[in-house]
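A.B. asks: The structure under discussion is supplied below as C-alpha cells; questions concerning it will follow.
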Amino acid sequence: MAIYFDKETKTFYLEGKSTTYAFYINNFGYAEHLYYGKRIHRDYIIYTRSEGVRSCIATAPGADNVSGQKSFHHMNPEISFFGTGDYREPTVHPRFASGDRLTTLLYAGHEILDEKPAISGMPSMRGGKTLVLHLYDEVKSFGADLYYTVFDDCDVIARRIVYYNDSGDTVKLDRAYSFAMSLPSGEYDMLSLHGGWACERQPERVPLHYGVASIDSKRATSSATLNPFMAILGRDTTESFGDAWSVSLIYSSSFVLKAEITSSGEALLLGGINDFDFEWQLGAGESFETPEVAIAYSADGIGGMSRALHDAMRDHLINEKYVKAPRPVLINNWEGTYFNFTKEKLCAIADAVAGTGIDTLVLDDGWFGKRDDDKSGLGDWFVNEKKLVGGLDGVIEHVHSVGMKFGLWFEPEMISEDSDIFRAHPEYAIGVPDRARCYSRHQFMMDLTNPEVRDYIVNSVNAILGKHKIDYVKWDYNRNVTEFFSLALDSELQSEFAHRYALGLYDICDRIVSANPDIFFEGCSGGGARFDPAILYYFPQVWTSDNSDAEERTRIQYGTSIAYPLSAMACHVSASPNHQVGRATRLATRGDIAHLGATGYELDTTVFTDDDRAAVKAQIEAYKKMERLVLEGDLYRIENPYTSNYFSFMIVSKDKSQAHLTCYRSLNHCNPAPHRVIMQGLDENKQYYIPELNLILHGSVLMSVGIVVNFGKGDFETKVYHLEEK
Ligand code: DGJ
C-alpha cells in the first residue's frame, strides 16, 4: 500500500492491495478524478482528461478566454459543488450568512499520514495510510478535507469529508455528503439490497440511466428496506468476471447513496447522510465530520468485490478481539417459549443440549420489568423476579453448572408507555409536544439525542451487566423513529435530529461495549433490519433475519453475503414446521444452511429425542471443523438461489489448503440431469481429498470438470463436501 504524489504532474496515486485510485490537481486548482480500478503503473494519465469537442457550460470563476479552460460539468472533480457550472449532483450545499449558496473548493495542500485518524464519536475503519486533501474556498473561508485511506491487504478505500467553517458566521449545511467519485463513460448497472421483515437484503440489479438513481433511508436507521450499500457493475459483469465497484456507508441513520449518469455518459457516485430533513448549523470555527464509506473495487466480478469487502470488514472494522475468535454456539429461547417461560423451563432447555457442543443459553425478551407480552416493560431494566423466581442468578448458576455460558436480551433504545420509566419520565420518549405519538409494536423510542436519556440507558444496562455473570448480549431494535423531534434540542437544531440520533446510538454502544470488554455482543433489529457496517463495528455479528426457514435463508444469506462476511451473520436452526412460513425441512438441511454463518439453535429443546440430541451433537462437531473457514475464508457463491433451483456456497482458506462446499436443492424433479457443480477458488495444482466422495482430485479438475452432486429424494435437500489438501 502506498500513497504517491508526483510533484511535476500534481498527480496522486493511491495504491491498495491490487488497485490504483488516481486524481490530479489541474491548472485551476481543482482535484480532478483520473482513475479507480486494477493496479496500473504510475504513468502520466492526465491525457484522459482532454476536453474533446464539448460545449463549455461555464468557465472557471473569472477566467474568460483562458487557455486550457474546461467546463466544470466535464471535469469530474473529487467533490462536486453547486453554483459554478457543475450541474451534477452536489456533494455539499452550504448556505452562508449572506444567503449565498455557492462554493468553489480548490486545492490548498495535502498531508500523508501513516496513522489513520479515528473519527470522534463515529465508527470507522482502523489502520491504513491516509491522504488528507485540503480544499478551500477563500471567499467564504469554508473548507473541506477529503480523507482517503488505503490498505495493503484488501482492495477497499475508506473515504470521508470533514467540512469546516473558518468564517465568523454560522454556515448552514443543507447537504454534507461523505464522498463523490467518478467513473468513466460506460454502460453500468446498479446492484442494491432491498427487503423487509423476514426477507432482508434481496439483491436487485437494474441498468443505470441518464439522470440520478438513488437508494435511501428516512427512518433514522439503516433499515431492511434498503441497505446502505450500492454496487456499480459493468453491464457485462457477472458473479466471477468484470468490473465491480461498491460503496458501503458506515452509518446507521438516514442515508442516501446516488449514482448519476451525466450528459457526457460518465458516472458520479456520491452520498452519505440523507439531506432530506437535514440541516446542520456549523458555527464559526466549527467542523462537521461525515460518516466514513468503504469503497471496494474488483476486476473479478461481484464475487471478487464481496471478498474485498469481507476482508476489509474483518481486518479493519469489526472488533479485533472477537472477529476471528470462535463464536458462541447458542440456544436462544425466543422461538422455543416466546414470553412464556419460567426458570424451570429455561434450565430444562439448557439441560436438554448440555454436552452437545451448544455452549451458550441466551435468554431473550421478557425477563425484565412487567413484560409478559410486547405491550409493556421496555426501559425498566430490572429483573422480573415474579417470573424468574430466584432472579437471573438462579438461571445463570444453573446454566453455568451444566458447562454453558449465559446471554441476555436488551432493547436499550426503546421505552414502553406501560413502564415505570415512562411514567416517571415521559420526556425520555421521542415525541412532539401536543401531538399523539405513533406506536410500533406497542412501543416508543428513547430520545438518544438527550444526554440524560443516554446516561439512564447506559447506567441501567451496565448495572445489570455488572451485577450478573453475563457472557453475551443480544441488542435488539424493533421499530423506527416516527416523530423526528427532541425536547432537548433548540428549535433551529431539530433538522439535526436523525444524525444526532446516530451519534447518540454510537455513544451508548461505545459506553456499554467498552465497559464490558469480555461480553460478546450481537446486534438484532426485528430480525436483521439494522444490518450495517456501523453496527458491525460495535457488534461482531448481527441476527440475519427472523425468517430461519432453510429455503428462505438460502436467499437471505446469499443477498447478505454480497456486502457482509459470513461470520457477521447469525444463523439459527429453528423448529420444523418453521414458525414464519410453515415449511417442514429436515434437521440436517436446517443445520447445513445455518452453518454458513455464526451458528446457533432457536427452538424448544425440551422436546428433543435422544436421536435429535445425537444429531445436534454431530452437527456441531461438523460445524467446528468448518468454523475457521466461516470466520476467515474466501467465499465463492457458486449457485444463485434467485435464478436457479440450487444454492451453493464454497469457502476456501486463504492458503487454499482447505475448503468447504455446501450445496442445496430446492425442489426435487423426476429424472433430473446429473447436477454438476464446478468449484472455484482452489489452487489448480494442489490435490484435494474429498472424504464424502472418497476421491483425490486436482484443483484444476474440480474447477473445470467439477463434481456431480447426488441429492437424496425429497425437496430442500443439502449435501456438504470437505476438501483437504493432500
Ligand atoms: C425481534 C428479534 O428479531 C427476535 O429474535 C426476538 O429477539 C424478538 N425481537 C424479541 O422481542
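The values are calculated or read from the model by the stated rules, or taken from the named source; none is laboratory data. If you're wondering where the values come from, they're calculated on a predicted model, not measured in any experiment. Don't worry about glycine lacking a Cβ; one is built from the backbone with ideal geometry, like all the others, and counts go over all protein chains shown. Calculation scope for accessible area: heavy atoms of the full protein, side chains included, ligands and nucleic acids excluded. Shrake-Rupley method; radii C 1.70, N 1.55, O 1.52, S 1.80 Å.
A.B. asks: Taking each pair of distinct Cα atoms in region 330-632 once, what is the resulting Kirkwood hydrodynamic radius in Å?
C.D. replies: The answer is 20.0 Å.
A.B. asks: Around SER178, which amide H atoms from residues at least 5 apart in sequence, or from another chain, sit under 5 Å from its own amide H, with H modelled in the peptide plane?
C.D. replies: GLY271, GLY272, ILE273
A.B. asks: Here is a further query. Taking a ≥ b ≥ c as the square roots of the eigenvalues of the Cα gyration tensor of region 187-290, is the shape rounded (a/c under 1.5), prolate (a/b larger than b/c) or oblate?
C.D. replies: oblate
A.B. asks: Would you calculate the separation in nanometres between label points at ILE696 and LYS345, each defined as 7 Å from the Cα along the Cα-to-beta-carbon direction?
C.D. replies: About 5.5 nm, to one decimal.
A.B. asks: Whenever you get a sec, compute what percent of the accessible area on the chain sits on carbon and sulfur atoms (1.4 Å probe).
C.D. replies: Roughly 49 percent, rounded to a whole number.
A.B. asks: Next question, about the same structure. Given bins 20 angstrom wide, list per bin the percent of all Cα-Cα distances in the chain, short to long.
C.D. replies: 17, 48, 30, 5, 0
A.B. asks: Let me ask you something else. Calculate, for the chain, the solvent-accessible area per residue in square angstrom, rolling a 1.4 angstrom probe over the heavy atoms of the protein chains.
C.D. replies: 36
A.B. asks: Could you point to the residue in ASN640, LEU693, SER666 farthest towards the positive end of region 638-725's charge dipole, with +1 and -1 charges on the Cβ of Lys/Arg and Asp/Glu respectively?
C.D. replies: Value: SER666.
A.B. asks: Quick one: what are the phi-derived ³J(HN,Hα) couplings along region 190-206, Karplus 6.51/-1.76/1.60 with θ = phi - 60°, whole Hz, x for glycine and proline?
C.D. replies: With coefficients 6.51, -1.76 and 1.60, one gets 10, 10, 9, 10, 10, x, x, 4, 6, 8, 6, 6, 8, x, 9, 10, 9 Hz.
A.B. asks: Just add up the charged neighbours of HIS134: K/R +1, D/E -1, any other residue whose Cβ is under 9 Å from the Cβ of HIS134.
C.D. replies: -2
A.B. asks: Taking θ = phi - 60°, what integer Hz values does the Karplus form 6.51 cos²θ - 1.76 cosθ + 1.60 yield along region 266-279, in sequence order, with x for Gly and Pro?
C.D. replies: 7, 10, 10, 9, 6, x, x, 5, 5, 7, 6, 6, 10, 7
A.B. asks: In addition: May I have the convex hull volume per residue, in Å³, for the Cα set of region 2-316?
C.D. replies: 131
A.B. asks: Once amide H atoms are placed 1.01 Å from N in the peptide plane, what residues at a sequence separation of 5 or more from ASP549, or on another chain, have their amide H within under 5 Å of its amide H?
C.D. replies: Those lying under 5 Å, H to H, from ASP549: there are none.
A.B. asks: Cα centroid distance between region 147-197 and region 449-522, in Å?
C.D. replies: Here the answer is 26 Å between Cα centres.
A.B. asks: Note down the net charge around LYS686, summing +1 for each Lys or Arg and -1 for each Asp or Glu among other residues with Cβ under 9 Å from its Cβ.
C.D. replies: Spelling it out: positives minus negatives among the neighbours equals -1.
A.B. asks: Using the basic label-point model (7 angstrom from Cα toward the beta carbon), what is the ASP236 to TYR87 distance in nanometres?
C.D. replies: If labels sit at ASP236 and TYR87, their model points lie 3.3 nm apart.
A.B. asks: Where does the charge balance sit around ASP380 when Lys and Arg score +1, Asp and Glu -1, over other residues with C-beta under 15 Å from its C-beta?
C.D. replies: -4
A.B. asks: Apply the Karplus parameterisation 6.51 cos²θ - 1.76 cosθ + 1.60, with θ equal to phi minus 60°, to every residue of region 211-228 and state each ³J(HN,Hα) to the nearest whole Hz, in sequence, with x for glycine and proline.
C.D. replies: Computed from phi, the couplings for region 211-228 are x, 10, 10, 9, 10, 7, 9, 10, 10, 6, 8, 5, 6, 7, 5, 8, 6, x Hz.
A.B. asks: Let me ask you something else. Return the whole-Å distance between the Cα centroid of region 342-420 and the Cα centroid of region 564-619.
C.D. replies: Here the answer is 21 Å between Cα centres.
A.B. asks: Then there's this: Give the average over all directions of the projected area of the C-alpha convex hull of region 638-725, one decimal, in nm².
C.D. replies: 5.5
A.B. asks: Taking only DSSP H segments of four or more residues, each worth -39500 (n - 2.57), what value at 222 nm results for the chain once the sum is divided by all its residues, to the nearest 500 deg cm²/dmol?
C.D. replies: -6000 deg cm²/dmol
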